[in-house]
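Comments concern the structure below.
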Amino acid sequence: MKKYTLAGIIAVSILILDQLTKIAVREKMAMWTSETIIPGFFNLVHVVNKGAAFGFLNREDISWQRTFFIVVTFVAMGAIAMLLKSTKNDDKFQIIGLGCVLGGAIGNLIDRILYSEVTDFLDIYFGSYHWPAFNIADIAICIGAFAMIISLYRNRKDEPDSV
């Protein structure tokens, strides 16, 4: 399978899953509500985030996050396209990683454009410690970054030992 086809299938699949789950949460759960799935570990929630991953810049007292993150996403999409162009067809980890990051980035971009904020709904916690809520797009971006790190590790050039 060609690299563009594989990356595209992955990105579109993630985008569809991300948007369908966000639509379900917006339609089925009232804002700021929570439903326990695994007591002491996992809830479904309906929250929104004007910032980036893990609540970075999620503040009500600033108004430029939406524009900033939309621009950053378009820049990232351009970088992904350039990286994909230079990726070898047999570097599956890099191709899969780029597809995951692209699908996740577009999923959150759609939310920013349509709603000015991103819908998050997965809440993992231990006792009173809650990881910031996240969504399918966030998972895809993290998996994609991890796959690209694996690719870099696998493709690194043997460096001479320095004494």
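Values quoted throughout were computed directly from the atomic coordinates according to the rules given, and no laboratory measurement underlies them. Every value quoted in this text rests on a predicted model; they were computed, and no experiment measured them. With ideal geometry, Cβ positions are generated from the backbone for all residues, glycine too; neighbour counts draw on all protein chains shown.
So how strong a dipole does the stretch 82-138 carry about its Cα centre when Lys and Arg Cβ are +1 and Asp and Glu Cβ are -1, to the nearest 20 debye?
300
Going by how many other Cβ atoms sit within 10 Å of their own, how do W131, W64 line up, fewest first?
The order, fewest Cβ neighbours first, is W64, W131.
Residue by residue through the stretch 19-29, what is 3J(HN,Hα) from phi via Karplus (6.51 cos²θ - 1.76 cosθ + 1.60, θ = phi - 60°)? Round to whole Hz and write x for glycine and proline.
Values, residue by residue: 5, 5, 5, 5, 4, 4, 5, 4, 7, 9, 10 Hz.
Treat every Asp and Glu Cβ in the stretch 1-40 as -1 and every Lys and Arg Cβ as +1, leave all other atoms uncharged, and give the resulting dipole magnitude about the Cα centre to the nearest 20 debye.
I would put it at about 240 debye.
Quote to one decimal, in nm, the extra length available between I124 and I9 on full extension: 0.36 nm per residue of separation minus the C-alpha distance between them.
38.5 nm
Would you order K22, K3, K92 from fewest to most other beta-carbon atoms within 10 Å of each residue's own beta-carbon?
K92, K3, K22
Would you mind telling me which residue in D18, D138, D123 has the biggest mean-square fluctuation in a Gaussian network model of the chain, where springs connect alpha carbons within a distance under 10 angstrom?
Fluctuation is largest for D123.
Taking 0.36 nm per residue of separation and subtracting the Cα-Cα distance, what length does fully extending I149 through M31 add?
38.9 nm
Which order do V25, V72 fall in if you start with the one that has the fewest other Cβ atoms within 10 Å?
Starting with the residue having the fewest Cβ neighbours, the order is V72, V25.
Over the stretch 3-154, how many percent of alpha carbon pairs lie in each 10 Å bin up to the one with the longest distance?
11, 37, 33, 16, 2
In terms of modelled amide H atoms, which long-range or inter-chain residues lie less than 5 Å from the amide H of F121?
F134, N135
Which of L15, Y125, A79 sits farthest toward the positive end of the charge dipole of the chain, with +1 on the Cβ of Lys and Arg and -1 on the Cβ of Asp and Glu?
A79
Quick one: dipole size for the stretch 3-154, taken about the Cα centre, charges +1 on Lys/Arg Cβ and -1 on Asp/Glu Cβ, in debye to the nearest 20.
It works out to roughly 480 debye.
Would you please give the residues with an amide H less than 5 Å from that of T33, counting only those at least 5 places away or on a separate chain, with H modeled from the backbone geometry?
H46
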